[in-house]
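These notes concern the structure reproduced below.
Just so it is clear, none of the values below were taken in a lab; they were calculated from the coordinates. None of these values were measured; they are calculated from a predicted model. Because the Cβ atoms are built from the backbone with ideal geometry, glycine has one as well, and the counts that use them run over all protein chains shown.
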Amino acid sequence: MSKTLSRIGLGIMRWPDTLSKKHHDMIEYSIGNGLNYFEACRFYNNWKCEENLKTLLKPYSRDSYFLCDKMSLRGDFEKEKNPEKYLQEQLDKCNTDYFDYYLLQYACRDTWNIVQQEKLVDFLYEKKRQGILRNIGFSFHDNEEWLRKFLDISDWDCVQLQLNYLDWFINNHATLYVILDDKNIPAFVMGGLKGGVLTKGLPSAAVKYLYEQDEEKPIGNWGMEFLAALPNVHMVLSGATELWELRNNMAIMLEQQPKILNLEVYEKVSDIYAKSEQLPCTGCGYCERDCPIKKPISVIFGLYNILLNEYNDVDKSTFLEIQMNPKYGMLNCTHCGKCNKNCPQKINVEHKLQQIALNYR
Ligand code: SF4
Ligand code: SF4
């Protein structure tokens, strides 16, 4: 059966390791209503992501959806450096003999050497030739210069970028988008709502301003509408954890006629955000993966950002409870720096944790 890639996909990064009926319902809603791209990555859902997707997609025929998996250039791959074994394990866990899309995850200056030394591009091409990988690409976390370098080493079928209106205006990700557009390489989007910042983490002044523009429109819709209007955005990964969020995202991305944007509004919100003290944390949890004390960094940063906004009703006691828990205290921190190394947003995590610990005791 031939099918067309839907402009929205589902990434289950923030789902728990144990599935419930809600998750099956979300998959059923997705497939029944035009979303056909699903993304796995071995260490999501506490290392259960691939098996979870296998379970969730079991009722549907393999040719009715696109399945993506990723080779993480950090962590366990770095230790073993055995792409053949890595890929085979992924195929086995997903109970499939091919991936529709396969991405090198975390392409940036820090992972350039491993891609070269392990000849990963040759490996991907060979697997593509064998029909095991149908489309190949990479997810990218660096600047223009490094994007060009990665693009030059192969003919890629897609590139996954962190694209949202804040990064577009503040961090010049517009340039990254334009480079892909010029080369006719489809842009896939991750962090389209900046890990929920664009739905519930904007500074209060920005929220007020957006409601002044349209009091009916949910705040997150501004973010999705921005992406829907970019013609070279071929797929936006939704990280929805609730059915209503997914419905909202799908309704916008699957709309035939994208909205005409008022860019001034987006620039103004980006300006307010840039002047705020908020951390650009997307809650991805990569920093926690190798942390020897298993500090819940994404939770701390998420609550910290919410605390900066007086309009948000955060449970301050939860925040303080984590802060005061001796298990996670700065005294237990080994200063190994692994959190810094793993953060795609380049936050100096360790330093920021120390600052927060000093300010909120
Ligand atoms: S520096 Fe501290 S917080 Fe960061 S990974 Fe190491 S132990 Fe964890
Ligand atoms: S600090 Fe960085 S790695 Fe950790 S959750 Fe936030 S964005 Fe992700």
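Calculated from the alpha-carbon coordinates, the stretch 3-68 shows an Rg and a Dmax of 11.1, 32 Å respectively.
Evaluating kT/(6 pi eta Rh) at 4 °C and 1.567 mPa s, with the Kirkwood radius of the stretch 8-275 over Cα pairs in the Stokes-Einstein relation, gives 67 µm² s⁻¹. Spin-label model, residue 24/residue 129: points 7 Å from Cα along the beta carbon direction are separated by 4.4 nm. Under the convention that each Lys and Arg Cβ holds +1 and each Asp and Glu Cβ holds -1, the size of the dipole of the chain around its Cα centre is about 820 debye. In a simple Cβ point-charge model (Lys, Arg +1; Asp, Glu -1; nothing else charged), the stretch 28-147 has a dipole of about 240 debye relative to its Cα centre. With all projection directions averaged, the alpha carbon convex hull of the stretch 105-145 covers 3.1 nm². For a 29 Å ceiling on Cα separation, which of these pairs sit above it: 119/183; 48/268; 194/295; 217/275; 48/183? In this structure, 48/268; 48/183 lie more than 29 Å apart at Cα. Shown in residue order for the stretch 62-70 are the 3J(HN,Hα) couplings computed by the Karplus curve 6.51 cos²θ - 1.76 cosθ + 1.60 at θ = phi - 60°: 4, 8, 9, 8, 9, 10, 10, 9, 10 Hz (x for Gly and Pro).
With the helix formula -39500 (n - 2.57) applied to DSSP H stretches of n ≥ 4, the chain reaches a computed 222 nm mean residue ellipticity of -13000 deg cm²/dmol. Converting phi to 3J(HN,Hα) with the Karplus coefficients 6.51, -1.76 and 1.60 and the offset θ = phi - 60°, the stretch 270-279 yields 5, 5, 4, 5, 4, 8, 7, 9, 5, 7 Hz in sequence order, with x at every glycine or proline. At a Cβ-Cβ separation cutoff of 4.7 angstrom, cysteine residues of the chain with no neighbouring cysteine are 41, 49, 68, 94, 108, 158, 281, 284, 291, 333, 336, 343.
Expressed in units of 2.2 N^0.38 Å, where N is the residue count, the Cα radius of gyration of the stretch 212-275 is 1.17.
Applying 0.36 nm per residue to the separation of residue 78 and residue 334 and subtracting their alpha-carbon distance, the gain on full extension is 90.0 nm. Among 6-17, 169-180, sorting by the average number of other beta carbon atoms lying within 10 angstrom of each residue, highest first, gives 6-17, 169-180. Within the stretch 115-140, find all residues whose amide N lies under 16 Å from a label point positioned 7 Å from the Cα of residue 152 along Cα-to-beta-carbon. Residues passing the 16 Å test: 116. In this calculation the C-beta distance from residue 213 to residue 276 is compared with R0 = 22 Å, giving a FRET efficiency of 0.70.
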